[in-house]
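Take a look at the structure set out below.
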Amino acid sequence: MKTKIGILLMVLGFVLMAAVAGWNLYLQREDATAASESTAALPDVLAAIGENKSVTPPPGAVETISVSPAPTHAPNPEGITEVPSPTPAPTMKVVYAKNKPYVGTLQIPSLGLTLPVQAQWSYAKMKHTPCHYSGTAEGGNLVLIAHNYKSHFGNLKELAIGDEIIFTDADGLVYTYAVDAHETLQPNQNGYLTAGDWDLSLSTCTVGGTMREIVRCNIVSVP
């Protein structure tokens with residue numbers, strides 16, 4: 001009897017190890033895809049900013065807006081839908097690269113990151129690049145969100161107080177921020193994401209999606 005129980009526990013152990021290995025492999029592939037997508041989009045976004053292209057969507061561009069509440073970063077969120085919106089009113093100027101709207105680029109020198117930032121958020125869009133969630137660089141309380149891929153916001157916790165964050169908007173104007181605080185929130189504390197008098201907030205989920213990691217920043221240089 002003890003032998004059978006031992007064999008069963010051993011089999012269960014192997015199954016769990018295989019499941020963990022499979023899940024880690026899936027996450028690595030997701031991260032690699034996200035890194036590739038961001039890297040591929042960045043030159044076009046930088047070129048569009050440099051050329052100061054029109055905000056008018058190019059032929060074939062498709063716009064969507066999310067009608068869900070604030071992101072909870074759940075693995076399989078329910079109730080997330082998108083509806084077509086031919087001419088959404090952007091809160092920030094956008095440029096287009098490969099028919100996608102972007103509000104600018106984000107640099108985090110201490111993490112070695114330069115990332116394009118899409119104009120509107122959705123769980124699907126965040127699989128490619130960080131996204132604009134609310135606020136503006138000019139007006140303040142700018143919130144940018146991304147998945148916790150290491151190639152995106154997965155290492156936010158490593159930022160030190162005073163680290164430099166640089167956001168370049170669609171007009172090419174450069175806003176420089178300094179990290180001022182770290183916060184860890186429950187996923188359902190959506191309203192708190194935009195609360196407070198912060199010039200910039202970067203948000204992602206922790207590993208497993210159980211909590212939300214937020215880096216709060218204050219501006220140190222304006223264009």
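Annotations
- Residues that are crowded, with 23+ Cβ neighbours inside 10 Å and among the hydrophobic types (A, V, I, L, M, F, W, C) within segment 127-151 comprise 131, 137, 142, 144, 145, 146, listed in sequence order.
- Qualifying residue in segment 203-217 (condition: open to solvent by 20 Å² or more (accessible area, probe 1.4 Å), modelled with pLDDT of 85 or more and of a type outside the set (Asp, Glu)): no
- Restricting attention to segment 102-120 and to residues that are farther than 19 Å from residue 36 by Cβ and buried (at least 23 other Cβ atoms within 10 Å of the Cβ), the residue that is nearest to the chain's Cα centre (by Cα) turns out to be 119.
The values are calculated or read from the model by the stated rules, or taken from the named source; none is laboratory data. The structure displayed is predicted, hence computed values, not measured ones. Every residue, glycine as well, gets a Cβ built from its backbone with ideal geometry; the counts of neighbours run over all protein chains shown. The protein model used for the area step is the full one, side chains on, heavy atoms only, and it has no ligands, DNA or RNA in it. Shrake-Rupley method; radii C 1.70, N 1.55, O 1.52, S 1.80 Å.
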